[in-house]
Amino acid sequence: MAQLNIQHVDKIYDNNVQAVFDFNLDVKDGELIVLVGPSGCGKSTTLRMIAGLEDISAGHLLLDGKDITQAPAKDRDMAMVFQNYALYGHMTIYENMAFSLTLRKENPNVIHKKVLAAAEILGLTSQLNKKPSQLSGGQRQRVAMGRSIVRNPKVFLFDEPLSNLDAKLRGATRREILLLHKRLQATMLYVTHDQTEALTLADRIVCMSMGHVQQVGTPIELYDAPANKFVASFIGLPPMNFFDVTVREGMLEGKGFTVPLTEEEKGVLLPYAGREIDLGVRPEDVAADGDIAMSVFSNENLGMNTLVHGHIGHSGAASNKISAKLRGWCDYKDGDSVGVSFSRKHFFDKESGNAIRKGEKA
Amino acid sequence: MNEEKTIRLDRMRYMKNTLSSGFALLAILFDVCFFISIYESDVGSWYYTILVGGSILYNLIFMLAAFLSSEGVKNYKIGYSYLMIVLGIIQIARIFVYPVRAHGAVVTIQEQAVTVMETAQFTRVVIYLVLSAACLFIGAIAGIIRSRALAGHLASLDSQAA
Ligand SMILES: Nc1ncnc2c1ncn2[C@@H]1O[C@H](COP(=O)(O)OP(=O)(O)O)[C@@H](O)[C@H]1O
Ligand SMILES: [Mg+2]
């Protein structure tokens, strides 16, 4: 029904700032795509180009096979939900939701049905006669979504819709968006700088940095097999630890520590023998049952886990810092030493930052 | 009952009765026109001064009551529709208080004989009062019909839910 193809899209602003470089993505019908990346990486620009609020400098945009690169925003059959909800304060919730249809002079009875159906989906039925000022932040966000739903667009676009909400509401509203996506079976593009939102919501994640797409894939692909160091450090909380190591016979040699390798890892690193690479280890992949000596300088109990910060090897080297998420309740003191092991390791080429995978040439 | 009609009824749950409230406001507007027009009278005696003064005092009460009614009927409160009918009847009755008595009456001002209200002015003020009353009646009738329809619809929703 709604298939979106974004082909080689660039954005160069009038001041010659290039915000997006060669963006390619095929969005399948009913898919929820999350664009994630740090602030200023071009996520909003990309979304605004898709919505038609910003010109596309180069490339093509196809909706259901039809080229809409030049089509004005109002003809694109897309609805955008903004961070600030932009509701009309003097209108009731009902009128707010009906507004875009009233403007298009649709039959009031048809509008009525659509508004009631959207309110039902969003659980706003009992709020319809209220004014926006009488609603909570989360409810207002739902009204903003309701306004899009009544238009029955082919594609929903969300630009950081949760960033105005407090942490607790954010979680609840996130689940509601997921539920909404399931009910409407609609194609959605969702922009956020929050990797947790990306992992929890997305069918597929597009991870961006400085205008370039770094990786496209399912949440588990980005978490398990990050394409490069940027994705590895951006996805996952607390972020991945990186160590400067040299590939030696059967092991990795760091500054004052060594890490044993499995047979499979040896095979992957064969072309890198004797060279420096980056070793990446997620905090949750560190276990307190090994031979690598970690000296502790802080211990944060999170309940189920304990987040332990410290370093391995020489204390002076900046790249030797490590965070470990250890199971259970630990009580390490400053200066304690723990023997740790790495249950999963990620390897990155020092020069390109790309992940080193099996069978790839160095 | 056909679906179209049900939906139309259902819409009233969320749409205000702006038709009735609009007519109430229009009635106030015509009343203001009346109010301004009667100032043109040449009152030469205490008798007409008191009549005009009384009419103006009542105008204040009228505007307040009509404004409250416009807010009430907007929310389908049937009592305010009845209030509008009462206000409309009083508007008609007022014709016989000041304009009719002043029309063609002659008073002496600085030893000159002067007509208090000429026919042209009389016609104008009567038209204003009649229009004001008509607006009140139309708004009230629409309000009564709609309020009853909505009440019936809500009752049927309740019985469906029960
Ligand atoms: N209207 C504009 N004119 C010029 N540069 C812009 C404009 N809007 C955004 N930019 C630049 O484009 C880059 C990407 O911005 P944006 O898409 O808003 O990032 P994000 O939404 O990922 O935080 C930023 O460097 C920003 O400064
Ligand atoms: Mg942005």
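Can you say whether residue A:133 is among the hydroxyl-bearing types (Ser, Thr, Tyr) and either within 16 Å of ligand 1 (Cβ to nearest atom) or touching a residue at least 24 places away in the same chain (Cβ under 8 Å) (or both), as far as the supplied structure shows? Considered against the rule, which asks whether it is among the hydroxyl-bearing types (Ser, Thr, Tyr) and either within 16 Å of ligand 1 (Cβ to nearest atom) or touching a residue at least 24 places away in the same chain (Cβ under 8 Å) (or both), residue A:133 comes out as yes.
Conditions (1) at pLDDT 85 or above; (2) surrounded by 18 or more Cβ atoms within 10 Å (Cβ to Cβ), marked per residue:
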site: B:108; (1), (2): no, no
site: B:113; (1), (2): no, no
site: B:116; (1), (2): no, yes
site: B:119; (1), (2): yes, no
site: B:123; (1), (2): yes, no
site: B:129; (1), (2): yes, yes
site: B:132; (1), (2): yes, yes
site: B:140; (1), (2): yes, yes
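Residues in region B:1-48 that are among the polar types (S, T, N, Q), more than 30 Å from residue A:131 (Cα to Cα) and away from chain A (no Cβ under 14 Å): B:37, B:41, B:45. Taking the criterion of being among the hydrophobic types (A, V, I, L, M, F, W, C), farther than 21 Å from residue A:158 by Cα, away from ligand 2 (no atom under 16 Å from the Cβ) and out of contact with any helix residue (DSSP H, G or I) (no Cβ under 9 Å at 6 or more places or on another chain), would at least one residue in region A:69-84 satisfy it? No: zero hits. Taking region A:161-196 as the range and being crowded, with 20+ Cβ neighbours inside 10 Å, within 16 Å of ligand 2 (Cβ to nearest atom) and touching a residue at least 40 places away in the same chain (Cβ under 8 Å) as the test, the residues that pass are A:161, A:189, A:190, A:191, A:192, A:195. Take the conditions (1) within 14 Å of chain B (Cβ to nearest Cβ); (2) closer than 30 Å to residue A:210 by Cα; residue A:51 misses just one of them, which is (1).
Residue A:43 meets the conditions (1) buried (at least 20 other Cβ atoms within 10 Å of the Cβ); (2) away from ligand 1 (no atom under 13 Å from the Cβ) in every case but one. The failed one is (2). Inspect all residues belonging to region A:159-171 and state whether any of them is of a type in the set (Gly, Ala, Ser), out of contact with any His (no Cβ under 6 Å at 6 or more places or on another chain) and within 14 Å of another protein chain (Cβ to nearest Cβ). No: region A:159-171 contains no residue that is of a type in the set (Gly, Ala, Ser), out of contact with any His (no Cβ under 6 Å at 6 or more places or on another chain) and within 14 Å of another protein chain (Cβ to nearest Cβ). Pairs are defined by a Cβ separation below 7 Å, a sequence spacing of at least 6 or placement on different chains, a first member in region A:38-56 that is under 19 Å from residue A:77 (Cβ atoms), and a second member that is within 7 Å of ligand 1 (Cβ to nearest atom) and β-branched (Val, Ile, Thr); the pairs so defined are A:47/A:191; A:54/A:45. Condition test on residue A:4, is it within 14 Å of another protein chain (Cβ to nearest Cβ), away from ligand 1 (no atom under 16 Å from the Cβ), surrounded by 14 or more Cβ atoms within 10 Å (Cβ to Cβ) and under 21 Å from residue A:154 (Cα atoms)? For residue A:4, the condition - within 14 Å of another protein chain (Cβ to nearest Cβ), away from ligand 1 (no atom under 16 Å from the Cβ), surrounded by 14 or more Cβ atoms within 10 Å (Cβ to Cβ) and under 21 Å from residue A:154 (Cα atoms) - is not met. A single entry from A:17, A:34, A:27 fulfils the requirement of being away from ligand 2 (no atom under 16 Å from the Cβ) and away from chain B (no Cβ under 14 Å): A:27.
Rundown of residues vs (1) in the same structural domain as residue A:190 (by TED's automatic domain parsing); (2) surrounded by fewer than 13 Cβ atoms within 10 Å (Cβ to Cβ); (3) among the small types (Gly, Ala, Ser); (4) out of contact with any Pro (no Cβ under 8 Å at 6 or more places or on another chain), yes/no style:
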{"position": "A:80", "(1), (2), (3), (4)": "yes, no, no, yes"}
{"position": "A:85", "(1), (2), (3), (4)": "yes, no, no, no"}
{"position": "A:111", "(1), (2), (3), (4)": "yes, no, no, yes"}
{"position": "A:122", "(1), (2), (3), (4)": "yes, no, no, yes"}
{"position": "A:126", "(1), (2), (3), (4)": "yes, yes, yes, yes"}
{"position": "A:134", "(1), (2), (3), (4)": "yes, yes, no, yes"}
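So, residue A:98, is that one within 14 Å of chain B (Cβ to nearest Cβ), closer than 26 Å to residue A:27 by Cβ and at pLDDT 90 or above or not? So residue A:98 fails the test.
The values are calculated or read from the model by the stated rules, or taken from the named source; none is laboratory data. It should be emphasised that the depicted structure is a prediction, and the values quoted were computed from it without experimental measurement. We place every Cβ from the backbone using ideal geometry, glycine too, and count neighbours over all the protein chains shown.
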